[in-house]
Amino acid sequence: MGFRRRFIGGLLWRVALLLVTAFAFVWSLSAEGLGAARVLAALICIGAVAGLWRYIQRTNVELARFVDAVRFGDLSQNFTSRHEGSGFGEFGQALEEGMRRLREERHRLSDDNRFFEAVLDDAPTALLTVDGEGRVELANKAARRLLVRHTGVRIDDFRSYGDAFAQSLEETAIGRPRLVPLMIDGVPQTAMVSAAVVHRLGGAVRAVAVQPIQGALNAVEIAAQSDLIRVLTHEIMNSMTPVTSLAQSAASLIAEADTGENAAISDARTAVETLARRADGVMHFVQSYRQISRTPEVRRRPFEALPWAREIEALIRASGSFDGADFSLRVSPEHLLIDADPDLLCQVLINLLRNAAEAASGHSGRPAVAMSFGMTPGGRAQIEVADNGPGVPEALRQDIFLPFFTTKAKGTGVGLSLARQVVLAHQGSITLHERESGGALFRIVV
């Protein structure tokens, strides 16, 4: 209000001055002998017009400068200490206050954008965006860590992770998550894929979230198996302990009574001793399964693969498992480091190597076992154990890691199940593949 009163006051006296000088100039034109006064009146009239024009334009110039600053985003303009007097100091302060608030709003929005960008980039779930032309962008760090094998930005370029995954980028219904198989480092996994639509620059963009859940599924499966085995072994041992004790006692008593003269007693002795042996076998079987009802405790540390692998080879050779079988070892790069529990992983590889040597020796005239170490494209350690044995039928490949399942006449079904538990405890994977030249190939990624 102060600026308005002062502005109107300044405008009125300038208009009044213009009118007076104009009247004086007109009057001088009708009077004789006032040539000098006529010139002076004309000059004053011109000055009054110029002053009035400048006075009015001053506001227009400041407003235009303010509008241009906002339009071009130049919020560094200063409107204080310009055109003091007649309320223009207050006008400049008002413009400066508006500019200050715009600067504060810009800073606030900039801070909010940085915060939301940081939240998006550091989110633990992999996020991708798919525009209307099928262009795919990895939107955060989790996506860039998870999806490292593709080389393009089209949906078809993501088929290296599986056709089902590439199809899900285009077809996943909005708001309806779906389970999709996902190939990471050659290892099949299960991922939860969900999608939403967001608008950017006037266009609709699909935001796709990819959450691998294979680790959670494995943990649930192992926990369920462990609980089942724990209950079964407990109940079986409670039932078998007195049976085993009584069978052994009966076998001892009947052995004392058997003089060899009575055939019935001898037959009874044979039957009771067989019962005692089978009871001991069942107890041993149950005891062997108790170890896989406990989750392995992993003590990770980085270690060099080559000397560690040679120690495993020496242990296997010393046990005689490689007698008559060729063994080859390959480590690439030579100084490869593995971040894992060397003791637990050693037990896994010893079991796999023994199984491989046994399978190859019983099938091939020249049995061969190979163990190799390398790196996956994602930077994880990959271990392969291969043989030239008969391999595993495709129908059984999903079952060999289950507890109690075995294809060997004298097997207990503990070794591979325990190996899988150890690998899963490392947040890794173990899979079985068929070699092109024949035989089985176990691949471990940790």
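The values are calculated or read from the model by the stated rules, or taken from the named source; none is laboratory data. Keep in mind that what you see is a predicted model, and the values were worked out from it rather than measured. Methodologically, a virtual Cβ is constructed for each residue, glycine included, from the backbone with ideal geometry; neighbour enumeration extends over all protein chains shown. Side chains are part of the model used for accessible areas, which takes the heavy atoms of the whole protein and leaves out ligands, DNA and RNA. Shrake-Rupley method; radii C 1.70, N 1.55, O 1.52, S 1.80 Å.
At a glance:
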{"quantity": "Highest-fluctuation residue, V187, V423, V61 considered, GNM on the chain with Cα pairs under 10 Å", "calculated": "V61"}
{"quantity": "Candidates A276, A123, A305: whichever shows maximal mean-square fluctuation once the chain is modelled as a Gaussian network with Cα springs under 10 Å", "calculated": "A276"}
{"quantity": "Sites matching chymotrypsin sites (Phe, Trp or Tyr not before Pro) across region 296-371 that sit in DSSP coil, with at most 14 neighbouring C-beta atoms within 10 Å", "calculated": "none"}
{"quantity": "Inter-label distance for A318 and A37, nm, one decimal - labels placed 7 Å from Cα along Cα-to-Cβ", "calculated": "13.2 nm"}
{"quantity": "Accessible surface of M192 - all protein chains present, 1.4 Å probe, nearest 10 Å²", "calculated": "70 Å²"}
{"quantity": "Heavy-atom accessible area per residue - the chain, 1.4 Å, Å²", "calculated": "58 Å²"}
{"quantity": "Within the accessible area of the chain (1.4 Å probe), percent carbon and sulfur", "calculated": "57 percent"}
{"quantity": "Chain lengthening between A196 and R154 when straightened (0.36 nm per residue, less Cα-Cα)", "calculated": "13.2 nm"}
{"quantity": "Gain upon complete extension [I236, S332; 0.36 nm per residue less C-alpha separation]", "calculated": "29.8 nm"}
{"quantity": "Exposure ranking of R200, R101 by accessible area [1.4 Å probe, largest first]", "calculated": "R101, R200"}
{"quantity": "Paramagnetic label zone (point 7 Å from Cα along Cα-to-C-beta, L75; backbone N under 19 Å) in region 92-114", "calculated": "93-114"}
{"quantity": "Counted charge near V153, where neighbours are those whose Cβ lies closer than 11 Å (Asp, Glu -1; Lys, Arg +1)", "calculated": "-3"}
{"quantity": "Cα gyration tensor, region 324-446 - rounded (a/c under 1.5), prolate or oblate", "calculated": "oblate"}
{"quantity": "Those GluC sites (Glu not before Pro) in region 120-181 that DSSP places in a loop and that have at most 13 other beta carbons within 10 Å", "calculated": "E133"}
{"quantity": "Percent RCO, i.e. relative contact order, over the chain, from Cα pairs under 8 Å lying at least 6 residues apart", "calculated": "9 percent"}
{"quantity": "Stretchable slack from E311 to V298, in nm (0.36 nm times residue separation minus alpha-carbon distance)", "calculated": "2.7 nm"}
{"quantity": "Rh by Kirkwood over Cα pairs, then Stokes-Einstein D for the chain at 0.890 mPa s and 25 °C, µm²/s", "calculated": "80 µm²/s"}
{"quantity": "Amide H within-cut-off set for I184, under 5 Å, with H built and near neighbours excluded", "calculated": "Q189"}
{"quantity": "FRET efficiency, 1/(1 + (r/R0)^6) with R0 22 Å, evaluated for Q427 and K141 via beta carbons", "calculated": "0.75"}
{"quantity": "Karplus-derived HN-Hα couplings along region 266-275 (A = 6.51, B = -1.76, C = 1.60, θ = phi - 60°), whole Hz, x at Gly and Pro", "calculated": "5, 5, 5, 4, 4, 5, 5, 5, 4, 4"}
